[in-house]
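Novice: Sharing a structure here in structure tokens format.
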Amino acid sequence: MGWFGWRPYVSVAERRAKALKKMEKLKKKGLDVKPVNIQGKKIVRTFWGEAWCDHLESFSDYENRLPRGRTYVRNGSVCHLDISPGKISAMVSGSQIYEVDITIKPLAGNKWAEVIKSCSGQIGSLLELLAGRLSKNIMAVVTHREKGLFPLPGEINLSCSCPDWAVMCKHVAAVLYGVGARLDEFPELLFLLRGVDHEELITADVDVAISGKKAGRRHIAEDVLSDVFGIEMREDEPVSKAKPTKAVKKAVKIKAKTSKVAGKNGRKKPPEKKFRLTVAPPKPIPFKRKARTPLEKEPVTGEAVAALRAKFGMNRVEFARLLGVSVPSVVKWEKAAGVLDLQAKSLAAFNTSRKLTKTKALRKLEE
């Protein structure tokens, strides 16, 4: 309340109309507007969205202030919400458009290493991870109140341009619920926000599977083999010199007599002819390099990735969907220096996207 009484009431419809005009102006200036649209009364519907909201509501610092933002996020007051590594930027419609900035510290390296270790060998695929189809054991690991993926209150810094004295005003609370709704659509953004690569969990699974196969080659002991298969194993006997039989002795004597008679008659045994087989070495096959197309000759650098994304006018989430890769991969590429060492699949997708126009790229994204 001001010096001259309460401020005049402004309906939600009027606020929304003003907010839409403001957003249209920002779009013309080049801002990629990403509103939060809630369908129905339920704010979040998937595992990751529910886990985010449940985690924040579990702290006494937030549980009394968060409910103030539910109405705001349901009626579409969160006009814009963008998630980047360690930062959440948003605009919320109130009596005017307020800017909300939330910074979150990256997940500590030892915590991430512990999560990877606990999840190794228990996640079937990347699709299962992002869809939240996880076992109870994995769910308990990633949603652990202190050791999981979600930030603690001490790792979160809140800021809003509204005149409310409270650190968590209704605009900030609406944004935090909006993050949960955004994780329903793009759960990989949680890993981007905490500064880790979710694909490392799948890589750890592959390593465990390979090492498990090598370690699993066991041999049955000989003393157990007879019990398992019902046979007796004979021990190796030392080789002894067998005594020649009478027939063998007789054959040796006959051969000796024959050779003596042939010597007396002057007949000599013809010498054996020796043949040497010579094989000519194979002629070396000349190596022919495969001719490369002009696109393949162009090196893929971080600057090239950023330039192509800017050409299409896409954010990192949309560009990642176009190439069929993860959002952290796009972030890593754009920050890398020099020529990128991309996998064959990613390189092919990037070279294919190079040939597209902006209109074709956006159309392909909508398919």
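The values are calculated or read from the model by the stated rules, or taken from the named source; none is laboratory data. This one's a predicted model, so the numbers in the text were calculated from it and none came from an experiment. When we count neighbours, we look across all protein chains shown, and the Cβ atoms used for this are built from the backbone with ideal geometry, even at glycine.
Novice: What single numbered condition from (1) in a loop (DSSP other than H, G, I, E, B); (2) closer than 25 Å to residue 178 by Cα fails to hold for residue 121?
Specialist: (2)
Novice: Assuming residue 14 fulfils every condition listed in (1) in contact with a Leu (Cβ under 9 Å, 6 or more places away or on another chain); (2) modelled with pLDDT under 80; (3) acidic (Asp, Glu) apart from one, which condition is it?
Specialist: Single failed check for residue 14: (1).
Novice: Would you be able to say whether some residue in the stretch 61-82 is within 23 Å of residue 332 (Cα to Cα) and either not β-branched (Val, Ile, Thr) or not assigned by TED's automatic domain parsing to the domain that holds residue 331 (or both)?
Specialist: Filtering the stretch 61-82 down to residues within 23 Å of residue 332 (Cα to Cα) leaves 81-82.
Subset that is either not β-branched (Val, Ile, Thr) or not assigned by TED's automatic domain parsing to the domain that holds residue 331 (or both): 81-82.
Yes.
Novice: Go through the stretch 320-359 and give me each residue that's of a type in the set (Gly, Ala, Ser) and part of a loop (DSSP other than H, G, I, E, B). Full working, then the answer.
Specialist: Our first condition is that a residue be of a type in the set (Gly, Ala, Ser); within the stretch 320-359, this holds for 320, 324, 326, 329, 336-338, 344, 346, 348-349, 353.
Across the stretch 320-359, the qualifying residues are 324, 326, 336, 337, 338.
Novice: Filter the stretch 313-357 down to the residues that are polar (S, T, N, Q) and under 19 Å from residue 186 (Cα atoms) and list them by number.
Specialist: 315, 326, 329
Novice: Within the bounds of the stretch 297-319, is there any residue that is modelled with pLDDT under 85, of a type outside the set (Asp, Glu), assigned to a helix (DSSP H, G or I) and over 21 Å from residue 192 (Cβ atoms)?
Specialist: Checked against the condition, which is being modelled with pLDDT under 85, of a type outside the set (Asp, Glu), assigned to a helix (DSSP H, G or I) and over 21 Å from residue 192 (Cβ atoms), the stretch 297-319 yields at least one hit.
Novice: So which residues in the stretch 326-341 are out of contact with any helix residue (DSSP H, G or I) (no Cβ under 7 Å at 6 or more places or on another chain) and without any contact (Cβ under 8 Å) to a residue 60 or more places away in the chain, if there are any at all?
Specialist: Listed by number, the residues that qualify are 338, 339, 341.
Novice: Would it be correct to say that residue 69 is crowded, with 20+ Cβ neighbours inside 10 Å and out of contact with any strand residue (DSSP E or B) (no Cβ under 7 Å at 6 or more places or on another chain)?
Specialist: Working: crowded, with 20+ Cβ neighbours inside 10 Å: yes; out of contact with any strand residue (DSSP E or B) (no Cβ under 7 Å at 6 or more places or on another chain): yes.
In short, yes.
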